[in-house]
Amino acid sequence: MAFNIPSYEELLEQNKANIRAKFPDASLLSRSFLTVFAKVVSMTTYGLYQFGEWIFRQIFIDTADAENLERHAQNRGKSRKEASFAAGNVVFTGTNGVSIPNGTEIKRADGVIYNTTSSGVIADGRAVVPVKAANTGKSGNAESGSVLSMTSAIVGVSVTVTVADSGISGGYDIEDIEDLRARLKSFVQNPPLGGADSDYVAWAKEVSGVTRAWCYPNAMGLGTVVVRFVMDNKSGGILPDENEIKAVRDYIMSKVPATVEEVYVMAPTAKTVDFVINDLSPNDDDTKAGIRSNLEDLFLTAEPGKVLKLNAVRNAVITVTEDHVLTAPT
């Protein structure tokens, strides 16, 4: 049975009624002592009801505030994934034999700062040197070929620096609190079973940046496990690179039972789906944006290798507008 918290006004009327019952002849004018007393008690009682409601919310994973949700996670051996630094290689060009000192600062046009993490020497006109972002977060990630510049010139070295082919990656923001909530609810609903499919999914999601994962037992032969994952918040696309795949595999291998023959961790294969929707009404930007948003949300629930039903696509469009013709896919 639902419990309804009385409002301040209801509590005040209740307290006034109690006073009248005890003191029939008492004055309850607006500024009388007993009226003021009733108001004070009602305010205090209402505050206690509110506090009790807040405590009740903290008991459950799906309603707890951020601070207490993290405590729920800690009590189950889990934690919020911390922000991480982006790292990778950059290419300096210049005169052969010139050294690039460790700690050299370089800067992106938008103000993101990187520092070299080891020294390098120009050879054949170039030097590939590892760098690390000065601050945590996905803003430090940079695609191959991105142009950076040194903040202090080095004689014999070009001020312009280029991100190497492997890019700069691995920078992630602190885990969104709602992602932690979803991960923790999944953990409670699918408790560890010593290597069940859900265990591999949970292990993959414990690595920074991983938002969705799927497990395919025996996909490469008896006793093997294939894990695929994506990183929805990654700049430049959701598919992981080699370093990110290695990080997930290393973490999973620290958890797997000895009976598993081999674990294969890989990115899903991207498949482009072209949508053609004609005769939209209304045919405006808001309608198109709503349809695009619904289709993107639909793909967030899709699983690699499974069929995306056409009815689900139709429903995603119909919730925005019924007046349309879905030409593709069919």
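Only the coordinates and a few stated rules stand behind these numbers; no lab work does. Note that the coordinates shown come from a computational prediction; the quantities given were computed from them, not determined experimentally. We place every Cβ from the backbone using ideal geometry, glycine too, and count neighbours over all the protein chains shown.
Residues whose amide H falls under 5 Å from that of I277, counting only those 5 or more places apart or on a different chain, are T327, with hydrogens built in the peptide plane.
Near the amide H of V90, within less than 5 Å, lie the amide hydrogens of V129, V131, A164, all on another chain or at least 5 residues away, with H placed in the peptide plane.
Taking E13, E53, E261 in turn, the Gaussian network model of the chain (Cα-Cα springs below 10 Å) assigns the largest fluctuation to E13. Of the residues K107, K306, K22, which exhibits the maximal mean-square fluctuation in a Gaussian network model of the chain defined by a 10 Å Cα contact cut-off? Per the Cα network of the chain with a 10 Å cutoff, K22 tops the list.
Only beta bridges with both residues in the chain are counted; by DSSP, about 85 percent of them are antiparallel.
When +1 charges are put on Lys and Arg Cβ atoms and -1 charges on Asp and Glu Cβ atoms, the dipole computed for the chain relative to its Cα centre reaches about 860 debye. Structural descriptor for segment 190-266: relative contact order 30 percent, calculated from alpha carbon pairs under 8 angstrom and at least 6 residues apart.
Scanning the chain for chymotrypsin sites (Phe, Trp or Tyr not before Pro) that sit in a DSSP loop and have at most 16 other Cβ atoms within 10 Å, the longest stretch containing none of them is 61-274. Ordering L180, A109, T151 by the projection of their Cα atoms onto the charge dipole of the chain, which places +1 on the Cβ of Lys and Arg and -1 on the Cβ of Asp and Glu, puts L180 at the extreme positive end. Taking trypsin sites (Lys or Arg not before Pro) across segment 211-301, the ones in a DSSP loop with at most 10 further Cβ atoms lying within 10 angstrom of their Cβ are K271. Among E143, E244, the order by Cβ neighbours within 10 angstrom, fewest to most, reads E143, E244.
Modelled spin-label separation between A66 and A219, with each label point placed 7 Å from Cα along the Cα-to-Cβ direction: 3.4 nm.
Remark: the V256-Q14 segment gains 81.0 nm on full extension, using 0.36 nm per residue and subtracting the alpha carbon distance. Dividing the summed -39500 (n - 2.57) terms of all DSSP H runs of n ≥ 4 by the residue count of the chain sets its mean residue ellipticity at 222 nm at -11000 deg cm²/dmol. When only the Cβ of Lys, Arg, Asp and Glu is charged (+1, +1, -1, -1), the dipole of segment 190-266 relative to its Cα centre reaches about 140 debye.
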